[in-house]
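As structure tokens, the structure follows; a few thoughts come after it.
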Amino acid sequence: QVQLVESGGGLVQAGGSLRLSCAASGRTFSTYAMGWFRQPPGKEREFVAVIRWGGSSTSYADSVKGRCTISRDNAKNTVYLQMNSLKPEDTAVYYCAASNSFNRRPVEYRYWGQGTQVTVSS
């Protein structure tokens, strides 16, 4: 069992930065691939980024590539999403999730956090 708690969301102006954190409980955190997803208002949940269990591989949605960096600290059971050059279209609830495989599909993620709101004003 893994429990995930996101933090770091908030209101930021366009062009600004935020760093989201996701703290995990459970001794098996380091065995999971960790992903970030987001759900904009009125839209479906979408993939943002994923990092392999050891941190050796990452993958990003085209919409955030070059602006976001996913990282993890297995000693702290925490995964991060650094978001720079934020745009109003980045406004969404951001979720972290844990999967047994390195992939982009929400259905493959077994554990989810409760989400943190990110609002980017123009």
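Coordinate-derived values only; no laboratory data. None of these values were measured; they are calculated from a predicted model. All Cβ positions, even for glycine, are placed from backbone atoms using ideal geometry, and neighbour counts span all protein chains on display.
Tabulated data
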quantity: Fraction of beta bridges assigned by DSSP in the chain that are antiparallel (%, nearest 5); calculated: 90 percent
quantity: Percentage, to the nearest whole number, of Cα pairs in the range 6-53 over 14 Å apart; calculated: 66 percent
quantity: Coordinate range along principal axes, alpha carbons of the range 24-100, Å, largest first; calculated: 36, 24, 18
quantity: Computed over the range 27-69, Cα set: Rg, Dmax in Å; calculated: 12.0, 36
quantity: Alpha-carbon gyration tensor eigenvalues x 5, square-rooted, for the range 65-122, Å; calculated: 22, 14, 12
quantity: Cα→Cβ-extended label distance, 7 Å offset, between residue 108 and residue 76, nm; calculated: 2.7 nm
quantity: Gain on full stretching of the segment that runs from residue 87 to residue 25 - 0.36 nm per residue minus C-alpha separation; calculated: 19.2 nm
quantity: Projected label distance in nm at residue 17 and residue 1, using a 7 Å step from Cα toward the beta-carbon; calculated: 3.8 nm
quantity: Calculated from backbone phi, Karplus (6.51, -1.76, 1.60) coupling profile of the range 18-23 in Hz, x at Gly/Pro; calculated: 9, 10, 8, 10, 9, 8
quantity: Per DSSP, loop trypsin sites (Lys or Arg not before Pro) in the range 1-73 with at most 11 further Cβ within 10 Å; calculated: 27, 43, 65
